[in-house]
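Working notes for the structure below.
The values are calculated or read from the model by the stated rules, or taken from the named source; none is laboratory data. As the structure is a computational prediction, the values presented were derived from the model and not from experiment. Please note: Cβ atoms are built from the backbone with ideal geometry, for glycine as well, and neighbour counts cover all protein chains shown. The area values use the complete protein model at the heavy-atom level, side chains included, leaving out ligands, DNA and RNA. Shrake-Rupley method; radii C 1.70, N 1.55, O 1.52, S 1.80 Å.
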Amino acid sequence: MTKEKTNKPSKDLPLGFVDRSEKELLVRDFITSKIKEVMVKYGFKYLETPSFEYTDSIGKFLPDKDRPDEGVFSFQDENKWLSLRYDLTAPLARYVAKNYLEIPKPFKRYQLGTVWRNEKPGPGRFREFLQFDADFVGTKSLQADAELCVMISEIIEKCGLSKSEYIIKISSRKITDSIFKKINLENPEQKLTTLRALDKIDRLGWDGVKQLLGEGRKDKSGDFTKGANLSSNNIETIEKELKKKIPETEDLKEILRIFEDYNFKNFEFDPSVIRGLEYYTGPIFEVNLKFDVKNDKGQVIQFGSVGGGGRYDNLVSNFGNYDAPATGISIGLDRLVYALLQKKEFKIKQAKPVVICVFDKSLIKEYIKIQNVLRSADLSVEIYPGDGKLKKQMEYANKIKSPAVILYGEDELKSGKLTLRDLNSGNEKSITISDLVNEIKKII
RNA sequence: GCAGCAGUAGCUCAGUUGGUUAGAGCACUAGUUUGUGGAACUAGGGGUCGGUGGUUCGAGUCCACCCUGCUGUACCA
């Protein structure tokens, strides 16, 4: 190996960016194919928007900041700030505002695309990842919200998870709104801290959350987080309200009725679901896995949800005069892949090429002829990309998990037959080129 | 950002209270087999022990600072 010298380029990747293996990509392709099937069934339109948007179009405003890179990756082009999109919802709102008069109302679209976040990465969380997003724009009907939950369940199950392995959690921003009214909480900073604390019930449990609602909490590394400083009375009220098993807000009651009509049962009312604090205005949902996810060291990690969404009735109107209530849901595909890979054995067939060994460069014409015969039959095949010793070529074929090699040298030239070696069994056959396709099909 | 832990060969790791030329397994290269892979055997290459400075006769080992990674926590529009 060559020594690392100061001027050599680094082979490290930027923080939070990863190379993705064929194994992951095949699972991801499988998932996206299932998503597309379901989206067609549910009548959503396929859309793609660019990776970059003007920074202010995606909800980031930067009046006097030098670098608007908190949370997003940005650069300045011709005096305008551009940012890589951090989700697919904001670009959708921009798209709807821009094309409002042409598109059908309501507008149903789905999108698959890479998004980037300039944040600290965590287990199964990267700074570049693939997201799936489906939305209804231009309808207040809660039928839309309910259908998103049903639809996302169908996708998850098509990906191979059973009903006992995931659950859709639903809640509504209206619940926390009414609690704040009840305890007369108006200080916006306290409200925010409170919401953030409540969002953590899953991870920290009520004990931890109550510390965060009060003075604060020390995590297991010893780090201290300041709390919301609510009175113990108010904390008790919040706990009592949120422990109610049955939703009292109208929107959730209605959604539950619709779920019944769909005969949809794999959901759970969970008022601790808070999610994206800024733009949600009504029902919110989250897709949670019910099994432990481990890292490659075998430790169980805090994995969080694989997807979620909710109603955002004001996002489109931010762009102009059009009022377009909307609701949507997204899945982090790479996280889903990460989780699926440890839950299930995926046997995704990917043909490996039969290798034609290069005995003699002067026979290359013959090799190409053989290759053409196989490729015409849509078989995967390659001439060994080099001209080393036969042993090397065999090792190569073995390494790439080739099903078979074809040997054609002096002996074969004389006999007019070629040798086909099955790399699994080690058996060799001498056959004519007209039998080749059939013989290979028997092997693979 | 804050906190805890870690960094020794391509990978996984060992390295005794500080003591000569720093080790193992796997992987790699060559050979045993110049027309045959997976197994075995033999030989070989590969490391400024994350970096810089310090303590010491002597540092992979001790100290300080920095860098990187993992985990938790915060933030995540």
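Criterion first (assigned by TED's automatic domain parsing to the domain that holds A:ASP135 and basic (Lys, Arg)) does A:ARG335 satisfy it?
So A:ARG335 fits the description; yes.
Can you tell me which residues in the range A:400-412 are open to solvent by 30 Å² or more (accessible area, probe 1.4 Å) and within 7 Å of RNA strand B (Cβ to nearest atom)?
Filtering the range A:400-412 down to residues open to solvent by 30 Å² or more (accessible area, probe 1.4 Å) leaves A:400-401, A:410-411.
Passing the criteria: A:GLU410, A:ASP411.
Among the residues of the range A:356-364, is any touching a residue at least 60 places away in the same chain (Cβ under 8 Å) and surrounded by fewer than 22 Cβ atoms within 10 Å (Cβ to Cβ)?
The answer is no; no qualifying residue exists.
With the structure loaded, tell me whether A:ILE235 is closer than 17 Å to A:PHE269 by Cβ and aliphatic (A, V, I, L, M) or whether it fails that test. First the steps, then the outcome.
On the way: closer than 17 Å to A:PHE269 by Cβ: no; aliphatic (A, V, I, L, M): yes.
Taking the combined requirement at face value, the residue does not satisfy it.
So is A:ALA397 within 8 Å of RNA strand B (Cβ to nearest atom) and in the same structural domain as A:ASP360 (by TED's automatic domain parsing) or not? Working first, answer last.
Numbers: within 8 Å of RNA strand B (Cβ to nearest atom): yes; in the same structural domain as A:ASP360 (by TED's automatic domain parsing): yes.
Yes: the conditions hold for A:ALA397.
Out of everything in the range A:221-254 that is away from RNA strand B (no atom under 16 Å from the Cβ) and polar (S, T, N, Q), what residue ends up being surrounded by the most Cβ atoms within 10 Å (Cβ to Cβ)?
Per the stated criteria, the residue is A:ASN234.
When the residues of the range A:100-134 are narrowed to those that are farther than 16 Å from A:VAL18 by Cα and open to solvent by 40 Å² or more (accessible area, probe 1.4 Å), which ends up nearest to the chain's Cα centre (by Cα)?
My answer is A:LYS108.
Which of (1) within 14 Å of RNA strand B (Cβ to nearest atom); (2) over 23 Å from A:PHE180 (Cα atoms) does A:ASP261 not meet, given it meets every other one?
(1)
Hey, which of the strands (runs of 3 or more DSSP E) in the range A:20-134, taking only ones fully inside, have at least 2 residues that are hydroxyl-bearing (Ser, Thr, Tyr)?
Answer list for the range A:20-134: A:107-116.
List, please: which pairs have Cβ atoms under 7 Å, are six or more places apart or on different chains, and start with a residue in the range A:407-423 that is within 21 Å of A:GLY388 (Cβ to Cβ) and among the β-branched types (Val, Ile, Thr) and end with one that is more than 7 Å from RNA strand B (Cβ to nearest atom) and open to solvent by 20 Å² or more (accessible area, probe 1.4 Å)?
From residues that are within 21 Å of A:GLY388 (Cβ to Cβ) and among the β-branched types (Val, Ile, Thr), the pairs are A:THR419/A:SER430.
For the range A:400-439, list the strands (runs of 3 or more DSSP E) that sit wholly inside it and hold at least 1 residues that are over 16 Å from A:TYR367 (Cα atoms); which are they?
In the range A:400-439, A:418-422, A:428-431 are the strands (runs of 3 or more DSSP E) which contain 1 or more residues that are over 16 Å from A:TYR367 (Cα atoms).
Return the only residue of A:GLN302, A:GLN342, A:GLN371 being touching a helix residue (DSSP H, G or I) at 6+ places or on another chain (Cβ under 7 Å) and polar (S, T, N, Q).
One residue alone meets the criteria, A:GLN302.
Hey, among the residues in the range A:285-303 that are within 12 Å of RNA strand B (Cβ to nearest atom) and in contact (Cβ under 8 Å) with a residue 60 or more places away in the chain, which one's most open to solvent (accessible area, probe 1.4 Å)? Before you say what the answer is, go through the steps one by one.
Step one: of the range A:285-303, the residues within 12 Å of RNA strand B (Cβ to nearest atom) are A:292-303.
With the extra rule that they be in contact (Cβ under 8 Å) with a residue 60 or more places away in the chain, the set shrinks to A:293, A:295, A:301-303.
On the way: A:VAL293: 5, A:ASN295: 39, A:ILE301: 26, A:GLN302: 123, A:PHE303: 16 Å².
Per the criteria, the residue is A:GLN302.
Within the range A:420-444, take every residue that is touching a Ser or Thr at 6+ places or on another chain (Cβ under 9 Å) and open to solvent by less than 20 Å² (accessible area, probe 1.4 Å) and give me the one that is farthest from RNA strand B (Cβ to nearest atom).
Step by step, filter the range A:420-444, then rank; the result is A:ILE431.
Working only within the range A:192-220, note down all residues that are of a type outside the set (A, V, I, L, M), within 12 Å of RNA strand B (Cβ to nearest atom) and open to solvent by less than 100 Å² (accessible area, probe 1.4 Å).
Answer for the range A:192-220, where residues must be of a type outside the set (A, V, I, L, M), within 12 Å of RNA strand B (Cβ to nearest atom) and open to solvent by less than 100 Å² (accessible area, probe 1.4 Å): A:THR193, A:THR194, A:ASP199, A:LYS200, A:ASP202, A:GLY205, A:GLY208, A:GLN211, A:GLY216, A:ARG217, A:ASP219.
Pairs needed: first member in the range A:255-269, open to solvent by 50 Å² or more (accessible area, probe 1.4 Å); second member anywhere, part of a helix (DSSP H, G or I); C-beta distance under 7 Å; at least 6 residues apart or different chains.
As it stands, the answer is A:TYR262/A:ALA146; A:TYR262/A:VAL150; A:PHE267/A:CYS149; A:PHE267/A:PHE259, since those pairs meet every condition given.
With A:ILE368, A:ILE383 as the choices, which residue is in the same structural domain as A:VAL405 (by TED's automatic domain parsing), open to solvent by 70 Å² or more (accessible area, probe 1.4 Å) and not hydroxyl-bearing (Ser, Thr, Tyr)?
Exactly one residue qualifies, and that residue is A:ILE368.
Taking only the range A:135-179 into account, find how many residues are of a type in the set (S, T, N, Q), open to solvent by 30 Å² or more (accessible area, probe 1.4 Å) and at pLDDT 95 or above.
2
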